Amino acid sequence: MADRFENLEEQLERFIENTRQLGIIVSDFQPQGQNALNQKLQTMVQGMQEIDKMKGQMQDVHVPLEVFEYIDQGKNPNLYTKHCLEKALGKNEQVKGKIDAFKKFKALLVLELSDVFPKEMANYRAMRGDDRPA
Amino acid sequence: MNDQIRRPEQISPKSSPRGSISPAYQRPDSSGTLKTTISLGKVPSVLHSGPFYLMKEMPVSVGNEITGCTNLIEHYGLEHTYNKFCNKKGKEELSSFLPHLPGCIDTPGMQDNSSLHSLIEKPPITGKEINSLSNTALTSFRLHPGPLPEQYRFMSQMPTKKKHKHKRKRESGTNGALQETTDNPADSHEKPAKHKKTGKAEDNTKEPSGGKKESGRRKKKNKKKKVKDKDEEPQS
């Protein structure tokens, strides 16, 4: 699985390097460089063909759209992973807090109700104790 | 709540609301969640069979159930990942993620219409075959000799090179303290002007090729400063 990503990465790096060299040739063009320019153009087309062939291997790869926002802003996409983890941890702590709060509330409520309605709460506890699954 | 649906002619203390079923027998309901008994038949009735109103059975909790109480990062073995991404100070620039890419990639994609978002909104035409260029097609790529105009030049300088320029300024400054003191007020006066000029240049060109312009102008200004300093030194 990692091989296909490495292959794609290599292919893209070669394509980008070829494009960069093409840009250097064009920025200060000389007639002697016409053959080199033609060769670079052909290499560019071949690179596109190779990358196009690889798209079949990437059909099952899903990228979240939020990552694109980070890339478009010039930010490291690892920041997205970092923020996801931080949000997940924060949400986890929030839900745990809610569960703990409800548990404390239940304990306090049972305590207070036992003071006010002792018989009924004894019945309740007996019923809950019978109904609770092992 | 005791909702008893009885026919008027059958209302009598002798008639049982549960029909032929004995009241001592509590028929369990199929769902197992309600503490009421619904009996159908000749005399349909809904009877509350428990002491507490709307009391339901507790949900069956399995021991391995994942709830918010569990630390999900530990559960899924992401501690190392969390430490790697969150505890270590990483660089926020895109260039730190892709260090081998040429050019300045830290600029927003909206500036030069190279954003991935625009690619999603307006996807390019796909499905056509990519064929190699023929000789006749290559003849259209015959270019005029000579350098490109400045506005069309590709900016291939990396942002780190600017830091080296600042270091060179400091290195030249350490040779003579006077140079530093004379440079600083000049810099402080000129910095806002520099920003204004670069802003105007960006507005005019709207292309990422302004970096070389700025570096060229800075070189000229540095030369002017050095000339001024040389003029000032013999006067002082």
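Restricting A:D52, A:D100, A:D72 to residues that are under 19 Å from the mean Cα position of the chain (by Cα) and among the acidic types (D, E) narrows the list to A:D72. The residues listed here are B:T198, B:T181, B:T139, B:T126; of these, the one that is in a helix (DSSP H, G or I), modelled with pLDDT of 80 or more and among the hydroxyl-bearing types (S, T, Y) is B:T139.
Given the criteria among the basic types (K, R), surrounded by fewer than 15 Cβ atoms within 10 Å (Cβ to Cβ) and either outside the structural domain of A:F5 (by TED's automatic domain parsing) or closer than 30 Å to A:N7 by Cα (or both), does A:K53 qualify?
Details: among the basic types (K, R): yes; surrounded by fewer than 15 Cβ atoms within 10 Å (Cβ to Cβ): yes; either outside the structural domain of A:F5 (by TED's automatic domain parsing) or closer than 30 Å to A:N7 by Cα (or both): yes.
So A:K53 fits the description; yes.
Among the residues of the range B:76-95, the ones that are surrounded by 14 or more Cβ atoms within 10 Å (Cβ to Cβ) and assigned to a loop (DSSP other than H, G, I, E, B) come to 3 in all. Here B:L54, B:L72, B:L78 are screened, and the one residue that is at pLDDT below 85 and over 19 Å from A:T19 (Cβ atoms) is B:L54.
The helices (runs of 4 or more DSSP H) located wholly in the range A:55-134 that include 2 or more residues which are of a type in the set (D, E, K, R) and either more than 11 Å from chain B (Cβ to nearest Cβ) or in contact with an Asp or Glu (Cβ under 8 Å, 6 or more places away or on another chain) (or both) occupy A:78-116, A:118-131. Among the residues of the range A:15-45, the ones that are within 19 Å of B:L133 (Cβ to Cβ) and more than 7 Å from every other protein chain (Cβ to nearest Cβ) come to 13 in all. Do we find a residue being farther than 30 Å from B:N71 by Cβ and either out of contact with any Cys (no Cβ under 9 Å at 6 or more places or on another chain) or modelled with pLDDT under 90 (or both) anywhere in the range A:87-101? Among the residues of the range A:87-101, not one is farther than 30 Å from B:N71 by Cβ and either out of contact with any Cys (no Cβ under 9 Å at 6 or more places or on another chain) or modelled with pLDDT under 90 (or both), which makes the answer no. For the range A:68-106, give me each residue that is out of contact with any Ser or Thr (no Cβ under 9 Å at 6 or more places or on another chain) and among the hydrophobic types (A, V, I, L, M, F, W, C). Passing the criteria: A:L79, A:C84, A:A88, A:L89, A:A101, A:F102, A:F105.
If you go through the range B:96-131 one residue at a time, how many are more than 22 Å from the chain's Cα centre (by Cα) and either among the aliphatic types (A, V, I, L, M) or surrounded by fewer than 13 Cβ atoms within 10 Å (Cβ to Cβ) (or both)?
Within the range B:96-131, the subset more than 22 Å from the chain's Cα centre (by Cα) is B:100, B:102-103, B:124-131.
Next, from what is left, pick out any that are either among the aliphatic types (A, V, I, L, M) or surrounded by fewer than 13 Cβ atoms within 10 Å (Cβ to Cβ) (or both): B:100, B:124-131.
Residues flagged as more than 22 Å from the chain's Cα centre (by Cα) and either among the aliphatic types (A, V, I, L, M) or surrounded by fewer than 13 Cβ atoms within 10 Å (Cβ to Cβ) (or both) within the range B:96-131 amount to 9.
Looking across the range B:52-95, the residues that are free of Cβ contacts under 8 Å to residues at least 12 places away in the same chain, within 10 Å of chain A (Cβ to nearest Cβ) and small (G, A, S) come down to B:S61, B:G68, B:G90.
The values are calculated or read from the model by the stated rules, or taken from the named source; none is laboratory data. Here the structure is a predicted model, which is why all the values come from computation and not from measurement. Every residue, glycine among them, receives a Cβ derived from its backbone with ideal geometry; neighbour counts consider all protein chains shown.
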